[in-house]
Amino acid sequence: MAKKKKSKIIRYRHPRNINVGMIIFAIIFVYLVFSVYTYMKKEKVQFYEVVEGNIVNDRQYTGIILRDERVESTDRAGYINYYIREGKRAAIGTRIYSIDETGNMAELMQENPDANVGLTDANLSDVKRQLSSFSMSYSDQKFENTYDLQYSLEAAVLEYANFNALGNLDSIMQQAGASFVQVTAPVSGVVSYAVDGFESLTADEITESTFDRSGYSKAITKAGQLIEQSAPVYKLITSDNWSIVFPLTDDETEEYKDQTQLHVTFSVNDLDATGDFSIITGGDGGAYGKLDFSQYMVQFASDRYVTFAVDTEKADGLKIPVTAVTEKEFYLIPLEYMVQGGDSSDTGFMKEVYSESGTAAEFVPVTIYYANEEYYYIEKNEDAPLKPGDYVVKPDSQDRYQIGQSASLQGVYNINKGYAVFKQIEIIKSNDEYYSIKKGTNYGLSVYDHIVLDANTVYEGQLIYQ
């Protein structure tokens, strides 16, 4: 049997064609994916645009009100009814209240409809105004003011009703033979029905315990109430001049010692006023501030304690966030060592260098971050052109100064050029959120500069993409 011949056919293998374009595309794609991922994961650097502005620091105080007050008591027992509302000014001879010794007045009013004249539209409008004003300034922390409003409204309604019925009331009471006595104001003044025992208090009698309100109370006699003989029933505030006395710390006493006036804002009604200021010594030897006013007494006629803010500090400058500020160390070089470099406009210092041929001076340009009356502040880090131990030479002199002395500056990171550059600042005033810094400084910031919002998130020289 014949042998089969072996096939000599060899399969041709095609060479592998490498698609360079696909490889490049894949590399670019991977790079883009990586870039997007790192960008999404990287914490964003937020910036702040510098603006002009001012900072006002309001210091909150609670003071006690002192006025010229005259407490009036009744000379007989009976049921009381008022004709004039809280906080209204009364002239001499104005009917303030009546005393019904028999207790028949209420019954006679009910039995005689002609004597019960209702409230007019003007009366109702005034009541609504009081309610609206209280609603806008209401605070849960001052809920006790609700009771003051209640008493004030009751007095107002009784005043309107009694005044409207006054023409008929006299004849009705006389016909009934009721013992009915009307009491008028002995002097002119503003009427208040809140009696708290502080009416005769003077500024030099005030102590720390005066401001303890835990035991404070004021007696307000309500219309229709049975009162005893010699009981205090109302008071007259006989002058528009009034004062607020408030405690001061040692630091505040020192700060206010040269002040003769203070501008204040009252928190209850957002009223602004300027009072004459003085520092007094209280009954306990402590220091107290005293504000004297000649206006707005009526607005506080029902109050003994008042909360207000003193506008003590107002600074105009550039306004920047507190979080943007950091500190940095710099080398100090005396001003007289500064030189200008040859044909260039660069400024710097002549650094002493050593070689086989001897000692020479080489110009080194530097960036000036700040200057005071004695020193320039220059860079202090490993890459700085001048390092500790180096000597700089004074121009046209053999005097040398060794680099080493340093000091810190407050500043921010300016990012106008796309990377973080330290800029020195001079703080004028501050509060919890912002600094007001001096504007127009040689090495500082300008309006509309962009700075890093949080200085702790960057380092100097870092590239910033806005």
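Just so it is clear, none of the values below were taken in a lab; they were calculated from the coordinates. Bear in mind the structure is a predicted one, so any value in this text is a computation, not a measurement. Every residue, glycine among them, receives a Cβ derived from its backbone with ideal geometry; neighbour counts consider all protein chains shown.
Which of Phe29, Phe198, Phe180 has the fewest other C-beta atoms within 10 Å, and how do the rest follow up to the most? Before the final figure, lay out the partial values.
Values: Phe29 10, Phe198 18, Phe180 21.
Going from sparsest to densest Cβ surroundings: Phe29, Phe198, Phe180.
Can you tell me the length gained on complete extension of the stretch Asp270 to Glu356, counting 0.36 nm per residue apart and subtracting the Cα distance? Show your work: numbers first, answer last.
Values: separation 86, 0.36 × 86 = 30.96 nm, distance 7.93 nm.
Full-extension gain reported as 23.0 nm.
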Here the FRET efficiency for Glu205 versus Gln410, based on Cβ atoms and R0 = 41 Å and rounded to 0.05, is 0.30
Spelling it out for Val325: with amide H atoms placed in the peptide plane at 1.01 Å from N, the residues 5 or more places away or on another chain with amide H under 5 Å from its amide H are Ala455
In terms of the ratio Rg/(2.2 N^0.38 Å) built on C-alpha atoms, what value belongs to segment 237-302? 1.18
Please turn the phi angles of segment 427-441 into ³J(HN,Hα) values with the Karplus equation 6.51 cos²θ - 1.76 cosθ + 1.60 (θ = phi - 60°), one per residue in order, whole Hz, x for glycine and proline. 7, 8, 9, 8, 9, 5, 10, 9, 10, 9, 10, 5, 9, x, 7
Whole-Hz Karplus couplings 3J(HN,Hα) for segment 367-383, θ = phi - 60° and coefficients 6.51, -1.76, 1.60, Gly and Pro as x, run 9, 8, 9, 5, 8, 10, 6, 10, 10, 8, 9, 10, 4, 10, 6, 5, 8
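Summing +1 for each Lys or Arg and -1 for each Asp or Glu, what net charge is found among the other residues whose Cβ lies under 13 Å from the Cβ of Thr441? Mind showing how you got there, number by number?
Working: positive: Lys423, Lys438, Lys439; negative: Glu426, Asp449.
With Lys, Arg at +1 and Asp, Glu at -1, the net is +1.
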Counting each pair of different Cα atoms once, what's the Kirkwood radius of segment 326-424 in Å, rounded to one decimal? 14.4 Å
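Could you compute the FRET efficiency for Asp292 and Asp250, with r as their C-beta to C-beta distance and R0 at 22 Å, rounded to 0.05? Intermediate results must be reported in sequence, preceding the final value.
Values: r = 23 Å, r/R0 = 1.05.
E between Asp292 and Asp250, to the nearest 0.05, is 0.40.
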Here the gain from full extension of Ile279 to Thr62, 0.36 nm per residue of separation minus their alpha-carbon distance, amounts to 76.5 nm
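Where does the charge balance sit around Arg70 when Lys and Arg score +1, Asp and Glu -1, over other residues with C-beta under 12 Å from its C-beta?
Values: positive: Arg67, Lys235; negative: Asp68, Glu69, Glu72, Glu199.
For residues surrounding Arg70, the net value is -2.
Rounded to the nearest 0.05, what FRET efficiency do Asn456 and Thr102 have when you use their Cβ-Cβ distance and R0 = 56 Å? The partial results should precede the final answer.
Numbers: r = 81 Å, r/R0 = 1.45.
Approximately 0.10, to the nearest 0.05.
Net charge near Val264, counting Lys/Arg +1 and Asp/Glu -1 over other residues with Cβ under 13 Å of its Cβ?
Here the charged neighbours net out to -4.
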